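To keep things clear, I will list the structure first and then write my remarks on it.
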Amino acid sequence: MGIVCVEAGDLGALLELSYQRFIERLVMRILLGRRVAASILVVMALLRMDSAVADPPSRSLPMEVTVTRQPELVDDVPASISLVTGAELEARGARDLRAALAGVAGVEGTAGGDVGPAGSVPALWGLREADAFLLVVDGVPWGGAFNPATASVDLTNVERIEVLRGAAPVMFGATSFVGVIHVIHRSAAETPRTGALSVGTGGSYLASASTRLPDVGAWHQALTADVEHRGYTEDRTDWRRAHALYRGEGLYGETRVRVDLDLSSVPQSPAGNLLLADAGVLHPEFSSDVNFNPADAHLRGERYHGVVAVDGRSAWGDWGLTLAVTRSLDNILRGYLRGDAFALPPDAGVGDGLQADGYSQTRGITDIYFDAHLVHAFSGGSLTIGASHLHGAGSEHAINFGYCVDARGIEIPCEGAHHADEIVQSRNTRDFSGLYAQGDWAVGPLDLVAGVRLDHTRERASGIAIDNTGETPLVVFDGSDRGNNTRLTGSLGGSWHVWRAAQDALTLYTDARSSFKPLATDFGPEAEVAVLKPETGRSLELGLKSRLAGGRIEVDASVFRMTLANGLTYAETAQGYGPSNGGENRYQGAELEAHFRVGTQWFIDAHVAHHDARVLSRADEAGVNLSGKQVAMSPATLAGTSLRWDDAAGHSVALGASFSGARWLDPENTLEAPSYMTWDAQATWPVGRGRLRLRGTNLTDRRDPVSTSELQHAVTVTGTSGWYRVPSRQILLGIEWPW
């Protein structure tokens with residue numbers, strides 16, 4: 001038997017390594033089970049062998065700014081946060097939120113919906129509603145006081161995307177229950193000189209360029225511009241986007257000034273509701289490529305956005321001021337099938353009366369956002385205090401009409417088509433004001449975050465509807481409503497750093513949040529004036545974050561529970577059929593997200609989520625009790641994985657798969673959609689100083705339903721329901737080059 005002598009320093013390192021390996025095995029067993037854990041541990045052993053040969057280049061630890069305003073380690077924040085870096089977006093060729101969020105646990109970044117094929121309606125924590133999440137771009141709510149403006153989000157020259165689950169931080173106020181998606185572009189000084197050109201199926205193309213402009217003293221400038229078109233196999237369905245972002249910034253002493261000007265034009269030809277139901281009967285007999293919109297249907301949007309941000313240092317701490325002004329203009333023509341269309345045989349053409357309801361509309365929305373805050377640092381922590389105001393004012397003018405289409409989606413002449421049956425005008429003004437304070441303390445291995453906000457919301461709405469079907473126009477509705485709310489909201493959370501060693505760490509965290517949010521105003525073609533009670537939410541989250549094997553393995557696992565009350569529904573009210581406060585829903589589940597680096601060239605991402613979204617108390621429009629039913633369009637299981645290989649020469653190959661489990665299409669849980677999986681792939685190879693990229697999305701061309709039309713119920717007079725499908729397969733080939 002030999003005797004081994006170990007110095008004290010070596011003994012400490014050996015004990016630390018043994019403890020680290022014990023924790024790794026314990027975490028893997030708990031999270032993944034014995035068999036999967038064994039496989040992961042084999043990979044970790046290979047990583048250790050590889051690191052013994054050559055250590056990977058050092059990289060900074062992941063930081064976030066969404067929760068704390070100031071950059072802070074993700075490990076220290078007691079909440080589930082995912083980061084998608086600009087390098088990852090570029091490596092995967094991600095150009096939209098669906099592709100960008102494909103590796104984030106529990107998130108469905110589905111493209112399309114009522115906002116048009118250029119937009120998306122992401123689902124977080126099992127809740128998919130157009131306004132349930134907060135979209136932020138460079139620190140400013142993108143969509144203001146109404147709904148997230150997903151159609152105008154551009155992912156050119158993005159530094160990173162931060163995804164926070166749960167209610168928005170107290171700095172942003174009454175804006176979100178289930179999550180924040182924060183898109184952060186590169187600063188002017190860090191903007192690369194690059195260009196890209198792509199062409200693809202359906203007449204798709206992309207031309208983009210980013211460049212530094214000449215400095216003016218200490219003032220740095222950059223310009224990003226792109227023109228994009230996407231075409232699909234669906235009849236008359238495509239979109240175009242012309243976008244330009246000017247960014248200027250300068251440091252003058254200890255004061256930094258930033259100016260952003262973001263301009264976009266997004267004309268879209270909307271998809272029809274491709275899977276429809278009437279009276280509880282599903283009608284999948286129509287082709288997945290048919291479009292029942294009226295001829296020349298369009299969603300033409302323009303957005304003008306400007307930001308001035310100033311921050312600096314003072315004797316009291318770091319301070320910041322932000323002022324953003326946005327003007328959005330929309331011109332809309334679209335329509336939906338109604339129930340009497342299904343009384344006809346598929347080849348009947350025209351039946352008794354009109355088969356579809358449509359509307360033409362113009363609307364304008366002005367958003368103003370202001371924030372002022374001060375971060376005072378003290379021994380062991382910091383205190384952030386501030387005030388913010390979000391103002392939104394919108395108006396719309398709409399004409400409702402009927403029209404006829406055949407089973408192929410071709411509009412055909414019929415009596416009374418496109419007559420101005422109803423003329424509608426409405427206005428809505430919202431103001432969200434708040435005072436907030438958030439403290440962050442480090443006490444040994446504990447990091448505590450507590451925030452409180454005093455919110456005051458004020459809303460005023462008015463509308464008029466004129467019946468134009470008779471000989472003399474008749475005012476059938478002329479009313480207004482208003483409402484004020486003053487409430488406290490807040491959050492309390494803590495992180496416990498079990499251990500840290502260089503880039504490795506194991507952190508346990510928990511947080512509780514209370515929030516409220518005024519119900520959505522979609523500016524649909526109706527005199528919607530009811531100012532309802534705000535929706536309220538309470539959530540609790542427990543989780544674990546870990547970095548292992550020198551930062552080569554990153555894991556975030558969490559469980560959550562959220563209860564929402566006073567949600568939006570449609571029912572018979574004193575003013576007729578329209579929006580109303582609903583009952584109470586509960587959302588709970590578990591999510592796991594993991595990222596692996598094998599050597600210096602292989603990257604593996606995997607995630608899985610189980611959601612249980614259930615109605616606690618609510619009745620449908622017919623008075624049927626929905627208690628105990630699953631929330632519509634909320635799959636119980638979500639999962640995905642991707643494998644990417646890169647080399648130093650610029651070659652790369654990536655393959656990704658996303659799985660969505662079965663879900664109920666309707667609130668009564670009578671119409672079930674099966675589970676499905678989509679596949680994406682991309683490959684790049686160097687050509688001179690640039691590189692060629694071939695990318696394909698939805699390679700198997702799955703056309704399953706993914707989002708409900710929230711407008712169709714309000715537009716059609718027969719209560720027809722419809723769902724948008726997964727966008728058709730897309731393949732693009734392009735070249736990218738540095739200037």
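Other residues within the sphere of radius under 13 Å centred on the Cβ of residue 249, judged by their own Cβ, net out at 0 (K and R +1, D and E -1). Sorting 325, 424 by the number of Cβ atoms found within 10 Å of their own Cβ, with the fewest placed first, yields 325, 424. Here 360, 314 are placed in order of increasing Cβ neighbour count within 10 Å, fewest first, which gives 314, 360. Net charge near residue 442: determine it from the other residues with C-beta under 13 Å of the C-beta of residue 442, scoring Lys and Arg +1 and Asp and Glu -1. Local charge sum for residue 442: -4. Sorted ascending by nearby beta carbons within 10 Å, beginning with the fewest, 410, 161 become 410, 161.
Centre-to-centre, using Cα atoms only, segment 87-161 and segment 474-547 are separated by 17 Å. Counting only alpha carbon atoms, the long axis of helix 34-53 and the longest principal axis of the chain meet at about 50°. Sorted on the mean count of surrounding Cβ atoms within 10 Å across their residues, most packed first, peptides 70-80, 495-505 read 70-80, 495-505. Mind checking the angle between helix 8-32 and the chain's longest principal axis? C-alpha axes, 0 to 90 degrees, to the nearest 10. That helix lies at roughly 20 degrees to the long axis. When all alpha carbon pairs of the chain are counted in 20 Å bins from zero, the resulting P(r) reads 16, 50, 29, 4, 0, 0 %.
Among the GluC sites (Glu not before Pro) found in segment 175-275, those both in a DSSP coil and sparsely packed, with 10 or fewer other Cβ atoms within 10 Å of their Cβ, are 254. Here segment 56-738 is assigned +1 on the Cβ of each Lys and Arg and -1 on the Cβ of each Asp and Glu. Its dipole about the Cα centre then comes out at about 2000 debye.
Of the peptides 689-699, 534-544, the ranking by mean beta-carbon count within 10 Å, highest at the top, reads 534-544, 689-699.
Since every read-out is calculated from the coordinates, none of them should be taken as a lab result. Not measured: the values here are computed from a predicted model. FYI the Cβ positions are ideal-geometry reconstructions off the backbone, even for glycines, and counts take in every protein chain you see.
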